[in-house]
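Note sheet for the following structure.
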Amino acid sequence: MATYTHGQPSLSLEDGKLRRPMIIEIIEKKIEYLRKEKTLNIYGTAFLGTAASFSGIMANFIFRHCFKVKHDALKTYASLTTLPFLSTVVTYKLLVTDALYLGNISQENCVLRSSLISIICGVLYPCGLAFSKNGRLAVKYHTVPLPPKGRVLLYWLLLCQTEIKAMMIPLVLETAFGIFNGLQHYARFEKNLKQTLH
């Protein structure tokens, strides 16, 4: 039998028996919420990563065509498919998913982060990677004339300026995908959070 002291409510054995099922039910709801949230989030993150992979393939195709590179096709396509995918998935998890779980991110911030990750990891990173890899191959196999000293980067950019405009298509698509995914992810997070609390 519990003793009663001034200012403390008396606890009986029956109160403890009633609280235990409630605590177990709350824990089960939390586990179910986390399971749902992780499953729903995986699809959006994988979708962004896949879009980044396709962007990498397109960038590689464009720069191989610009630099007239015929060598090491499998090597460049493999790296430009996997690296943008992995960088997008890891960056999205660190900057968006983990921030949502910690609860220190607003809807606008979630959308902004998601779209920036899409642009940087899905377009700019694959373009820079394809440019450097195929540029090195072009120099190694002498498929294009070597640039004059002092203006190397400008020379390479002028060489492929018309073809690089095709990368505007992935830029627009990745931005739209990032905004959409950020909105969807935040909406699902809020919905699951409300269901868990009720």
- prompt: Taking segment 144-198, which trypsin sites (Lys or Arg not before Pro) meet the DSSP loop condition and have no more than 11 other C-beta atoms within 10 Å?
  reply: Lys149, Arg151
- prompt: Stokes-Einstein at 4 °C, 1.567 mPa s, Kirkwood radius from Cα pairs: D for segment 33-197 in µm² s⁻¹?
  reply: 76
statement: Whole-percent carbon and sulfur contribution to the accessible surface of segment 33-197 (1.4 Å, no ligands, DNA or RNA) stands at 71
query: Simple spin-label model, 7 Å along Cα-to-Cβ: Val172 to Ala46 in nm?
result: 2.9
- prompt: What does the charge count near Asn104 come to, summing +1 for each Lys or Arg and -1 for each Asp or Glu among other residues with Cβ under 13 Å from its Cβ?
  reply: 0
task: Keeping all protein chains in place, calculate the accessible area per residue for segment 33-197 (probe 1.4 angstrom), answer in Å².
output: 56
field: Contour minus Cα-Cα distance for Leu158 and Leu116 (0.36 nm per residue)
entry: 12.4 nm
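The values are calculated or read from the model by the stated rules, or taken from the named source; none is laboratory data. Since the model is a prediction, treat every value here as computed from it, not as a measurement. All Cβ positions, glycine included, derive from the backbone under ideal geometry; neighbour counts span all protein chains shown. When the accessible area is computed, the model is the full protein with side chains, heavy atoms only, and any ligands, DNA or RNA have been set aside. Shrake-Rupley method; radii C 1.70, N 1.55, O 1.52, S 1.80 Å.
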